[in-house]
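Beneath this line is the structure, given in structure tokens, with notes to follow.
The values are calculated or read from the model by the stated rules, or taken from the named source; none is laboratory data. Predicted model only: the values in this text are computed from it and were never measured. Cβ: placed from backbone, ideal geometry, glycine included. Neighbour counts: every protein chain shown.
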Amino acid sequence: MKRGYDRRVVAEALMSPSLPRSLANTLSDPALDRATILPVGRRTFTDPGDDITEERSLEFALPGLLYDPLMGAARVSDMFAGAAPIDPNAVTQFMIDAPLTAGLFAGASGIVPEGAVLGAFSGGRKLLYDAPYSNYKIDPDLPELLKRGTTVKQTSDYVPTKTISPEDLASDGYLLNLVGDRTDVGSITRLLGEDLDVPISLQGGMGYMRGKGTGAWASDPNVIRSLGKKVQSAEGQPVYGTYNAMSGTSSDFANMTRDVALRNFDPKDLRKKDVKDFDQRFKKQKESEALTKDFPGLDSPELNSWLDKSGTRRAALFKFMDKAEWRDKGFPNITQARYAIQDPLLRDLPAGVEQYAGQSIARMDAAGTQRPTSELSMPHGTYSVDLAGDYLGGLERAVPRSVLFPEWYNLRRQSNSPMASDNRAFQMTPVLQPTNDEWLSGVMRYLESSR
């Protein structure tokens, strides 16, 4: 008779909150060590007197093939039981270790049904997920894990979202592009399974214009000045500013990414050689050498001052840090940070040559009034100047730029401008798109076809 196993029973036993804690205690016993293949190993320890690693005689040790998945099971089980903060890196590693080890031993003992695939996940090998908010492919189960471990509470500082129709915009008005990152608004009260004593404030992004103490948009002075002039050029006709989503990694520019990614970060917890290697390679990368040549180093007391100087510096640092190589060495996980601070409606918007917009729209102040955000009742933590306007609502779904701004898009194609440069051109140039009957027909047709 063929012998099999019940995946649900195995999973429930593995995730039992009582078993893993005793297992974790056993595995953390200093009398037990990890070996490579044979069940013996030579213990190492660091002499605090001279900071030199020394060795002792051979003793019993669990082979890594057993030690790694058992330790992983203990850690992951504690996470799901609420006894430890959720660490997606540890979960991912456990998901890699456990099926391989279980397959080897189950296959040898005959408890796996005949024909089962070694290390298979319920029907086959998992394909990694290409998430817009990560520079490397991630496990497809990671987003759900991060979702369960993260809580962003909406506060009374913002008016609720409202759905409007394109028909609500005046036919003699204009649509204005407000291009920004995907950050959320509210307060992070739970991060990676840990309840925060001090919530982390999120100011948007798309939801900025819903603030009871803000205008329609906030950015750097030159950007706001240019947008303000464009509003004034409409000569009193209605101008509707619509949020346009940048790429999923654009939030690296904002201080909100730093607030999450570098929270509790201490370079002393890492190997000195890894920190030194990171600093040297970051400073020498050619794509941002002009920005990074004066980088003080991760363990420098001047790090925050260096990051304060510009968002482009922050973006360069977090882009370089967002690699599996650094993540696996214990550096801050930038993918996790981006997930935590981004608006759930925007996280999975496609990133490419097409941008999406329309989910948040404001009626702009006709005079193009500009104010320092520091003077508002709700100052922004990254951007220094506000452009006045009032939130109206958002369309039922995100609409492609080519549909919302057809005149601009058609001119780009007629001039043979490469589509690869559309995002940059659109971000750098304020555009007024007439909200006439032709525009309305195109947008309504798109919304109806996608229902």
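Assorted remarks:
- Residue in segment 122-143 that is of a type in the set (Asp, Glu) and within 30 Å of Thr435 (Cβ to Cβ) present: no
- One residue stands out among those in segment 290-334 that are surrounded by fewer than 17 Cβ atoms within 10 Å (Cβ to Cβ) and small (Gly, Ala, Ser): the one that is nearest to Leu270 (Cα to Cα), which is Gly330.
- Every residue from segment 370-402 that is surrounded by fewer than 19 Cβ atoms within 10 Å (Cβ to Cβ) and touching a Phe, Trp or Tyr at 6+ places or on another chain (Cβ under 8 Å): Leu392, Pro400
- Verdict on Ser171 being in a strand (DSSP E or B), surrounded by fewer than 20 Cβ atoms within 10 Å (Cβ to Cβ) and not hydrophobic (A, V, I, L, M, F, W, C): no
Yes/no matrix, rows are residues, columns are (1) in the same structural domain as Val443 (by TED's automatic domain parsing); (2) under 29 Å from Ala131 (Cα atoms):
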| site | (1), (2) |
| --- | --- |
| Tyr208 | yes, yes |
| Gly213 | yes, no |
| Ser219 | yes, yes |
| Val239 | yes, no |
| Asn244 | yes, yes |
| Val260 | no, yes |
| Asp277 | no, yes |
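- Within segment 409-431, being surrounded by 20 or more Cβ atoms within 10 Å (Cβ to Cβ) and more than 20 Å from Ser247 (Cα to Cα) holds for no residue.
- Screening Ala234 on (1) aliphatic (A, V, I, L, M); (2) within 16 Å of the chain's Cα centre (by Cα); (3) outside any helix (DSSP H, G or I) shows it passes everything except condition (2).
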